[in-house]
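One structure below.
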């Protein structure tokens with residue numbers, strides 16, 4: 001039985017370092033997990049753009065690939081892939097889809113897995129904010145408490161909750177074609193997220209789409225606080241490096 005690390009198209013094409021860090025985390029916990037070359041796209045964007053017949057054809061194609069490679073478990077680092085694989089694959093394939101799918105945050109937050117990482121921070125206390133991505137908080141199995149469990153387990157790290165958090169978090173405006181058509185709305189949302197997190201030392205996200213939107217707004221507006229993908233933050237802690245002031 002194959003344990004698959006599912007990186008997702010956006011991360012795998014644009015954020016290679018983050019993928020490397022995610023793989024390091026997963027394999028530190030369970031070395032049986034591996035990346036397979038030429039893993040197909042989950043097809044999440046097709047749900048919004050393709051007709052039902054093409055969508056069903058692609059889902060069945062990907063599921064056949066899973067069967068061919070004897071995939072029994074998946075850990076994905078992409079919020080969109082997690083949402084799609086756990087919602088639409090069972091909906092379209094019904095009982096034919098029986099793979100255990102977890103997002104990286106779920107995987108890490110399992111107590112015995114979190115213990116293996118042995119995360120620690122220095123002597124100085126810091127506050128960080130975590131942005132709840134729509135794909136994660138609105139999933140069939142919502143991921144809300146897991147990142148907080150991980151971060152709060154690290155001594156000297158405190159989660160500073162933004163005014164809009166958890167189920168009421170602000171959409172970053174990256175998905176659904178919003179940025180392409182309503183750039184000003186997308187930028188407004190991302191700026192507001194930064195504004196609500198300004199009392200923290202860094203803003204963390206577990207979604208590559210949110211990271212892309214927030215990073216763009218930070219650079220275009222010369223905003224102070226760093227935006228950090230949570231995989232990168234965790235690996236720095238594993239390596240004993242300050243993830244904010246390295």
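Nothing in this text is a laboratory measurement; each read-out follows from the coordinates by a stated rule. Here the structure is a predicted model, which means the values were calculated and not measured. Cβ sites come from the backbone with ideal geometry, for glycine too, and all protein chains shown count toward neighbours.
The long axis of helix 16-29 is offset from the longest Cα principal axis of the chain by roughly 80 degrees.
Kindly identify segment 2-109 as rounded, prolate or oblate by the Cα gyration tensor criterion: order the square roots of the eigenvalues as a ≥ b ≥ c, call it rounded if a/c is under 1.5, otherwise compare a/b with b/c, prolate if a/b is larger, else oblate. Here segment 2-109 falls in the prolate category.
Label sites at residue 244 and residue 16, each approximated as a point 7 angstrom past Cα along Cα to Cβ, lie 3.0 nm apart. The packing ranking of peptides 110-123, 229-242, highest mean first, is 229-242, 110-123, where packing means the average number of other beta carbon atoms within 10 angstrom of each residue.
Based on C-alpha pairs under 8 angstrom that are at least 6 apart in sequence, the chain has a relative contact order of 19 percent.
Seen through its C-alpha gyration tensor, with square-root eigenvalues sorted a ≥ b ≥ c, segment 118-238 comes out prolate because a/c lies at 1.5 or above while a/b is bigger than b/c. Exposure proxy shown here: for 61, 194, the number of other Cβ atoms within 10 Å sets the order, fewest to most, as 61, 194. Counting only alpha carbon atoms, the long axis of helix 183-196 and the longest principal axis of the chain meet at about 50°.
Run the paramagnetic zone check for residue 141: 7 angstrom along Cα to Cβ, then residues of segment 1-24 with backbone nitrogen under 19 Å. Counting only backbone N, you get 2-8.
Please report the relative contact order for segment 2-109, taking Cα pairs under 8 Å with a sequence separation of at least 6, and give it as a percent rounded to a whole number. Kindly include the intermediate steps, with their values, before the conclusion.
On the way: 118 pairs, mean separation 37.8, N = 108.
Once normalised by length, the contact order is 35 percent.
If the elastic network links every pair of Cα atoms under 10 Å, which of 170, 157, 92 fluctuates the most in the Gaussian network model of the chain? Residue with maximal mean-square fluctuation among 170, 157, 92: 92.
Below 8 Å, C-alpha to C-alpha, sequence gap of six or more: please give me the relative contact order for segment 118-238 in percent.
On the way: 190 pairs, mean separation 36.1, N = 121.
Here the relative contact order equals 30 percent.
Segment 188-213 and segment 32-82 have their alpha-carbon centroids 28 Å apart. Computing FRET efficiency as 1/(1 + (r/R0)^6) for residue 221 and residue 168, where r is the C-beta to C-beta distance and R0 is 22 Å, gives about 0.35.
Using only the Cα atoms of the chain, build the gyration tensor, take square roots of its eigenvalues as a ≥ b ≥ c, and label the shape rounded, prolate or oblate: rounded if a/c is under 1.5, else prolate if a/b is larger than b/c, else oblate. Could the numbers behind the result be given before it?
Values: a/c = 2.01, a/b = 1.26, b/c = 1.59.
Here the chain falls in the oblate category.
Once the Cα atoms are used to define both axes, helix 52-68 deviates from the longest principal axis of the chain by about 90 degrees.
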